[in-house]
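Q: Below you will find the structure I want to go over with you.
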Amino acid sequence: MLSLKHSFRMAIASISSSKLRSALTTLGIVIGVAAVIANVSLGASFNQYFTEEIGSVGNNFIIIEGKAANLFHDDEMEVVKNTPGIVGVSPLSQEVAQVKYISTMRQITVQGVSEDYEEVGNIQMESGTFIDDKDRYMAVIGHDVAYEKFDRKISDKNTIELTFTRPDGETVTKQFKVKGIVASPETTFVQSGIEPDERIFIPISTMNEIMDQDYYWGFFAAATSLESIDEVTDELDKRLARDLGVPFRDLDNEDAKPYSLMNQGEILEEVDKLSDALGSLLTSVALISLIVGSIGIMNIMLVTVTERTGEIGIMKSLGYKNYEVLSLFMVESIVVGLLGGILGIVFGVAGAYLADNAMGLPYVFPADMILLGMLVSLVVGLLAGIYPANKAARMNPVDALRHE
């Protein structure tokens, strides 16, 4: 009786006797498995990258933006602050100002915020301290503003000149002392104008005084947790709608409301959908390589059966059963698939690592991809070998011996 061990040895001997042909046969499997593993890993890396990017903007944040000026005032600020589940909130105002340092002038976005923005906006300081609600003409500048925007680097305690243009066209120029510099985050996510690297932060009371206004363009709030953020956002939406006179029937109609709400959970959900779609697309393309690889194995096994027809005839004349001949060629097909799978896993892992490094992505490699790679290559080898092995097993020994 032909043992599995003996079948394996014969399979290795057959593969070794035609190294080039065997290598070319496994190439399709190698490319397919490597592509699947690399693409799945890249999809996971992109997902983690964007999750970290979004997390750098704030912790469990909710952004409330007015669609028109003069919408949000201190009353709306109290509504947001008193909403259950809100643990911090900063009002926001934003203007583009002419910023002068020594003899260089640049146009930079200036944001008016409260002291709570340091926590809700996840601001990390490189030097100095963040603005305080008691401050007046003090500024905190982003890392790029301090080191990239001007001919000379700005340090805390330096003075910069900010020129604002009011809605009526009047310009107001004020001197601001730099109180601190925001540390450069490891992420570069830009969403709704809240990326801190290229911004200047000043007290919102000072911003409103300069612009001669008493309203805010929006709020940046933080919820207790990411799990509860949708519930908190819904409650906040109801309270703001009631405060601003939006009819209850229009609560779900975004166009009917004079403001918009967006939270971290919604952005993460969209990122997940994008990552899943991208991963599915890349994996589908990679699966084509596996199909091509399986066809390659089937073809080479058919050739092998034809070449070894005489050998099959001798085996059957010596008493080998159909299932033994079948197992012999099935094992050989599976071995070819597994060899391609092992090489595909190695190249897939290496390719994903190199691609992540080249694109500056965090390296994420799901361990279950190794098992998946082996399983896929095993199934491909098995399916590709069924027809050729069955053809060999059903050969008439007399006809097989006459083949030569």
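The values are calculated or read from the model by the stated rules, or taken from the named source; none is laboratory data. Nothing here was measured: the structure is a model prediction, and the numbers come from that model. As a convention, Cβ positions derive from the backbone with ideal geometry for all residues, glycine included, and neighbour counts pool all protein chains shown.
Q: Taking the range 68-101 as the region of interest, how many residues are assigned to a strand (DSSP E or B) and in contact (Cβ under 8 Å) with a residue 24 or more places away in the chain?
A: Start the filter on the range 68-101 by keeping residues that are assigned to a strand (DSSP E or B), which leaves 72, 86-101.
Those still in the list that are in contact (Cβ under 8 Å) with a residue 24 or more places away in the chain too: 72, 86-95, 97-101.
Result for the range 68-101: 16.
Q: In addition: Within the range 75-92, take every residue that is surrounded by fewer than 21 Cβ atoms within 10 Å (Cβ to Cβ) and polar (S, T, N, Q) and give me the one that is nearest to residue 208 (Cα to Cα).
A: Here the residue is 82.
Q: Only one of these conditions is not met by residue 278: (1) modelled with pLDDT under 75; (2) over 21 Å from residue 43 (Cα atoms); (3) in a helix (DSSP H, G or I). Which number is it?
A: Among (1) modelled with pLDDT under 75; (2) over 21 Å from residue 43 (Cα atoms); (3) in a helix (DSSP H, G or I), residue 278 violates only (2).
Q: Further, regarding this structure: Can you tell me which residues in the range 102-119 are part of a loop (DSSP other than H, G, I, E, B), surrounded by fewer than 16 Cβ atoms within 10 Å (Cβ to Cβ) and on the phi < 0 side of the Ramachandran plot? Can you show your working first?
A: Within the range 102-119, the subset part of a loop (DSSP other than H, G, I, E, B) is 102-103, 114-116.
Checking the rest, the ones that are also surrounded by fewer than 16 Cβ atoms within 10 Å (Cβ to Cβ) come to 102-103.
Within the range 102-119, 103 is the sole residue that qualifies.
Q: Cβ contacts < 9 Å: first residue more than 17 Å from residue 370 (Cα to Cα) and in contact (Cβ under 8 Å) with a residue 60 or more places away in the chain, restricted to the range 326-353; second residue of a type in the set (D, E, K, R) and not in a helix (DSSP H, G or I), any location; separation 6+ or different chain. Result?
A: As it stands, the answer is 326/394; 329/308, since those pairs meet every condition given.
Q: Pick out the one residue from 311, 269 that is modelled with pLDDT of 70 or more, of a type in the set (Asp, Glu) and either buried (at least 18 other Cβ atoms within 10 Å of the Cβ) or in a helix (DSSP H, G or I) (or both).
A: On the way: 311 fails: modelled with pLDDT of 70 or more.
So the residue among 311, 269 that is modelled with pLDDT of 70 or more, of a type in the set (Asp, Glu) and either buried (at least 18 other Cβ atoms within 10 Å of the Cβ) or in a helix (DSSP H, G or I) (or both) is 269.
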